[in-house]
1. Considering only residues that are buried (at least 24 other Cβ atoms within 10 Å of the Cβ) and either charged (D, E, K, R) or within 20 Å of B:ASP95 (Cβ to Cβ) (or both), look in segment B:39-50 and name the one that is nearest to the other protein chains (Cβ to nearest Cβ).
2. Does B:LEU121 satisfy being over 22 Å from B:CYS236 (Cα atoms), in contact with a helix residue (DSSP H, G or I) (Cβ under 8 Å, 6 or more places away or on another chain) and assigned to a loop (DSSP other than H, G, I, E, B)?
3. Give all pairs with beta carbons closer than 7 Å in which a residue from segment A:75-102 that is within 14 Å of chain B (Cβ to nearest Cβ) meets a residue that is among the charged types (D, E, K, R) and part of a loop (DSSP other than H, G, I, E, B); count only pairs at least 6 apart in sequence or on separate chains.
4. Would you pick out the residues in segment A:213-243 that are outside any helix (DSSP H, G or I) and either more than 19 Å from the chain's Cα centre (by Cα) or of a type in the set (Ser, Thr, Tyr) (or both)?
5. Could you list, in sequence order, all residues of segment A:19-72 that are among the acidic types (Asp, Glu) and over 22 Å from B:THR311 (Cα atoms)?
6. Examine segment B:51-65 for a residue that is more than 13 Å from chain A (Cβ to nearest Cβ), surrounded by fewer than 24 Cβ atoms within 10 Å (Cβ to Cβ) and of a type outside the set (A, V, I, L, M, F, W, C), and state whether such a residue exists.
7. Going through A:SER221, A:SER243 one at a time, which residue ends up being out of contact with any helix residue (DSSP H, G or I) (no Cβ under 8 Å at 6 or more places or on another chain), closer than 27 Å to A:SER96 by Cβ and of a type in the set (S, T, N, Q)?
There are 2 protein chains.
Amino acid sequence: MTDAVTYELLHKDRSTGARRGRITTPHGTIETPVFMPVGTQATVKAMRPEQVAELGAEIILSNTYHLYLRPGSDVIREAGGLHKFMNWNRPILTDSGGFQVFSLADLRDITEEGVGFRSYLDGSKHMFTPEKSMAVQEDLGSDIIMAFDECAPYPADREYVKNSLERTTRWLERCKKAHKNVEKQSLFGIMQGGMYDDLRKQSAREIVDLDLPGYAIGGLSVGEPKELMLEVLDKCVGYLPDSKPRYLMGVGTPDYLFEGVERGLDMFDCVLPTRIARNGTALTAHGAVNIKNAKFERDFTPLDHECGCYTCTHYSRAYLRHVFKSNEIISSMLLSNHNLYFLVQTMRKIREAIENDRFAEYKEEFYGKYYGHL
Amino acid sequence: MTDAVTYELLHKDRSTGARRGRITTPHGTIETPVFMPVGTQATVKAMRPEQVAELGAEIILSNTYHLYLRPGSDVIREAGGLHKFMNWNRPILTDSGGFQVFSLADLRDITEEGVGFRSYLDGSKHMFTPEKSMAVQEDLGSDIIMAFDECAPYPADREYVKNSLERTTRWLERCKKAHKNVEKQSLFGIMQGGMYDDLRKQSAREIVDLDLPGYAIGGLSVGEPKELMLEVLDKCVGYLPDSKPRYLMGVGTPDYLFEGVERGLDMFDCVLPTRIARNGTALTAHGAVNIKNAKFERDFTPLDHECGCYTCTHYSRAYLRHVFKSNEIISSMLLSNHNLYFLVQTMRKIREAIENDRFAEYKEEFYGKYYGHL
């Protein structure tokens, strides 16, 4: 029996931990490191799926919690799965719903069995368990499914984090047992352990023992200082096997992408590019730009002179400012397209840099322009 | 000196007043009768311009009043004109700003000179005159520019309507005098006269005497009963020359398109298809459909089985219902695309029917399906 998702390590950067790889899934291959646009409610916001593919995205992430509540994973199963429902034929990764249950639900109740919560839509009562999360993700039919875990808050005391990670391991064992469809979907485990090195090591050992097709690092970027996060990350990577893809969950600002790649991470996702787009902020080679700025009123040059995206090749800053200020939907469409293109193409350049053993140089170039400008 | 915009009458339907024609403009030709999507603020809402072209639209309408106030017509002039600013290389028609000044502005003051009004954006004071409207539309660089007129309200007494239409004629004379750029833009006159046949005749005679490249019928669909509108329309058309295009302003529900074409009208515009799209209503061969309807929850068939648009070939009713209920931007994108396609393609079928002398039969077929269903 072959795993649905496999990883091939292609090349290691000479002077950093960065690595080039390839993930193969039932819906196609993914060159890594990879940035995954987020399509929470079965749509990457303000984008047609073909446009997401055109800008170079090879995989998107979608959210189990949201789709379970609306339209219901049974509806998506009956539609023929999430790929068909949302018109996206490339790979999809779904999270387990755990993170949203913990972060969005007002009322929740954690037991060994799972987590009871109330819907953010209508207050109705629900229960997520490892088995339920697997069943829902099977309905969705995503290529990569994530284990149901608890992402401990920050700060949290050692005792809480230890209990939480050990329960997360027990939940992972139940996920693995419940997950039947291994030739169509692959289950990734999630390392927890908060900011405690020995607990990270314990969590890693426990999940790696289960020999899964991939592993994620969870519980980071939850409010801790950046230095602490990088310190924890430095150690975490070493606890995971070289032969499997490593996914840093929910992280996607340009600096975190570079820092993550440098340490050997392969997969990243973040709502940032589309969310800030809707607020009028663009990511450019020279840093973030607020399109509302009055100085753009008569600026007939492209948003980013170095960018080849649809937005930058067809519209001026003056136009983008006008449609943003006029609350026109095309504003979100154009800025989302640009921001996703920027991150996806930055990741493509990162991959090229790794292939040429010059990741560190590329990082320095990028930072010089991106942060030098701010 | 050649007019920028010319009209050629290609064929008259054997049994109705419907006619096939072609309008030539500096930005390309337009097959008539034509439905013009509206791009009020330099964007057809929720659509990329290429998508508007792909669905078959040959001309769009944009609004002088809105663009004058934001971003300012000087900005658009500096950008190289509206076509370049908004990335639309086909013909554009702009209205004069008159209709919005009368309908949107809270405070307005009509004199022989023009209309003073306050901006709906910031309350600032402005004055539109025939000369000002021409100057603003010259900044925009649209192919067809409309005369600055007063659209009298309904109901209005004879005396008011007569004074109003006579002033509209005097304003038209001033527009013609102020309009210099005749080889790049063509000025269309607007017939007024309310519901009074003799005043319609008077208005028509006065504006036709000015020998303009096209004429519009204004002051209809302003709240009067449909029967009255059609009665007035029946007579109005006969007062206009066969050799010039005839534009019925602000009218675009399917029935009005058919009724207008049947009486010899050539051009139509309406915000309806994109506005109702944003509210979750789709126009289909079998009538209007509210996508919110619970019966679509598990309906995995296309919105309109007879439709070949992007939306109908890629998404199910269940998906469209889901994204509408989730307030996702793609809902407006997909339904706007469908509704515009529906009206533009219905107009294409109308043109084919006229060419084959079977407009009346096509109208009957369309009504049977569209209204039979309601």
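The values are calculated or read from the model by the stated rules, or taken from the named source; none is laboratory data. Keep in mind the model is a prediction, meaning the values are calculated, not measured. Please note: Cβ atoms are built from the backbone with ideal geometry, for glycine as well, and neighbour counts cover all protein chains shown.
1. First, the residues of segment B:39-50 that are buried (at least 24 other Cβ atoms within 10 Å of the Cβ): B:39, B:42-44, B:46-47.
Still in the list and also either charged (D, E, K, R) or within 20 Å of B:ASP95 (Cβ to Cβ) (or both): B:39, B:42-44, B:47.
Numbers: B:GLY39: 10, B:ALA42: 7, B:THR43: 5, B:VAL44: 8, B:MET47: 7 Å.
In this case the residue turns out to be B:THR43.
2. Details: over 22 Å from B:CYS236 (Cα atoms): yes; in contact with a helix residue (DSSP H, G or I) (Cβ under 8 Å, 6 or more places away or on another chain): yes; assigned to a loop (DSSP other than H, G, I, E, B): yes.
So B:LEU121 passes the test.
3. A:VAL75/B:GLU297; A:VAL75/B:ARG298; A:GLU78/B:ARG298
4. From segment A:213-243, those outside any helix (DSSP H, G or I) are A:213-225, A:239-243; that's our starting set.
Selection gives A:TYR215, A:SER221, A:PRO225, A:TYR239, A:PRO241, A:ASP242, A:SER243.
5. The initial filter retains those residues of segment A:19-72 that are among the acidic types (Asp, Glu), namely A:31, A:50, A:54, A:58.
Result: A:GLU31, A:GLU58.
6. yes
7. Values: A:SER221 fails: out of contact with any helix residue (DSSP H, G or I) (no Cβ under 8 Å at 6 or more places or on another chain).
When all the criteria are applied, what remains is A:SER243.
Yes/no per residue for (1) under 30 Å from B:MET146 (Cβ atoms); (2) in contact (Cβ under 8 Å) with a residue 40 or more places away in the chain; (3) more than 14 Å from chain A (Cβ to nearest Cβ):
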site: B:CYS270; (1), (2), (3): yes, yes, yes
site: B:ILE276; (1), (2), (3): yes, yes, yes
site: B:GLY287; (1), (2), (3): no, yes, yes
site: B:ASN290; (1), (2), (3): no, no, yes
site: B:THR301; (1), (2), (3): no, no, no
site: B:THR313; (1), (2), (3): no, no, no
site: B:ARG321; (1), (2), (3): no, no, no
